[in-house]
Amino acid sequence: MTNRLQWEVFVSAQIPVVTSDLPPGASEMKWSPISSTLILGKRDAVLVDTAITLDQNQKLVDWIADSGKNLTTIYATHGHGDHFFGVNTIQNKFPKARFVATREVIAVMRKQASVPVVDSYWKPRFPGQIDSTLVVADELKGGVIVLEGEQLVSVPLGHTDTDSTTCLHVSSIGLVACGDALYNDVHLHLGESNAEGRKEWIAALDTIESLKPVAVIAGHKRAGAPDTPNNIEKTRKYIRDFDRIAANTGTALELYKEMLAIYPERVNPAVLWYSAQAVKPGT
């Protein structure tokens, strides 16, 4: 009889970001909370996504170690640095854990880990907090991770909050670790999107929904928020609202204020401000 897998989620809390570009009325900027999913068998485990800073990732390591499982694999759903910069810290504790991603994700990852991007974007925002060793994944050939005889399948999603994203589907337990294709009560990063890209993101959510999951883990979620499939429609609605308001407003501030009126309670409105500025630059 096949062993039934389990899963747990670790949410790395918001941390301050060094920046002078603050949202209207704000006195500080924080990064969104970051979710990492541990899929557990009787002996072994697979980790989906890490966090950004050395401190965040050491806390993640301690949490993994507390599970008592042997970490065999680290999987990155997409190439944003805040989801893979912790791999070196984790491999220091679990040196046999392989780090894998799809070929398309690796292409994005290489840009994020490049010296120009790290020096111009990540280090100024998190001074002294970024690991000096950034590990780029090996290709997950065949798109499947096997954990104690059960398949964890990489599903390509295309553009969501960045290009070439994926999710990891564990059909035996109805789980989808969605990465940043899904947000759970946190404002969405739409700064890399245009109208066509937002349509692709909605199509990606349709793909996740077609897997008929019983649990979906967002890449950014409010700590303690339930990982229920209704977050698929909530994310889809947010994108459609943003798209509609973007088409009917003239400035970034108008877009920001109208979205904030609809979603006043979501975590980290700074992300909404940066999305609005990206979609309506110079306004």
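Overview of results
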| read-out | value |
| --- | --- |
| Of all residues in the stretch 118-133 being in contact with a helix residue (DSSP H, G or I) (Cβ under 8 Å, 6 or more places away or on another chain) and more than 16 Å from V18 (Cα to Cα), the one that is surrounded by the fewest Cβ atoms within 10 Å (Cβ to Cβ) | T133 |
| Number of positions in the stretch 41-68 that are hydrophobic (A, V, I, L, M, F, W, C) and farther than 25 Å from Y121 by Cβ | 5 |
| Total residues in the stretch 241-268, condition in contact with a helix residue (DSSP H, G or I) (Cβ under 7 Å, 6 or more places away or on another chain), more than 14 Å from D185 (Cβ to Cβ) and part of a helix (DSSP H, G or I) | 11 |
| Complete set of residues in the stretch 2-21 that are part of a strand (DSSP E or B) and free of Cβ contacts under 8 Å to residues at least 40 places away in the same chain | P16 |
| Residue count for the stretch 198-214, restricted to those that are out of contact with any Cys (no Cβ under 7 Å at 6 or more places or on another chain), buried (at least 19 other Cβ atoms within 10 Å of the Cβ) and not in a loop (DSSP other than H, G, I, E, B) | 4 |
| Among the residues listed as L188, L255, the single one being surrounded by 24 or more Cβ atoms within 10 Å (Cβ to Cβ), touching a residue at least 24 places away in the same chain (Cβ under 8 Å) and touching a Phe, Trp or Tyr at 6+ places or on another chain (Cβ under 7 Å) | L188 |
| Filter result for T251 (farther than 26 Å from V46 by Cα and of a type in the set (V, I, T)) | yes |
| Any hit, the stretch 163-173, residues being under 20 Å from H189 (Cα atoms), of a type in the set (V, I, T) and touching a His at 6+ places or on another chain (Cβ under 6 Å) | yes |
| Selection within the stretch 204-226 - among the charged types (D, E, K, R) and farther than 18 Å from S35 by Cα | D206, E209, K212 |
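Rule-based calculations on the coordinates, nothing more; no lab input. Just so you know, these numbers come straight off a predicted model, no measurement behind them. For neighbour counting, all protein chains shown are included, and Cβ atoms are generated from backbone atoms with ideal geometry for every residue, glycine included.
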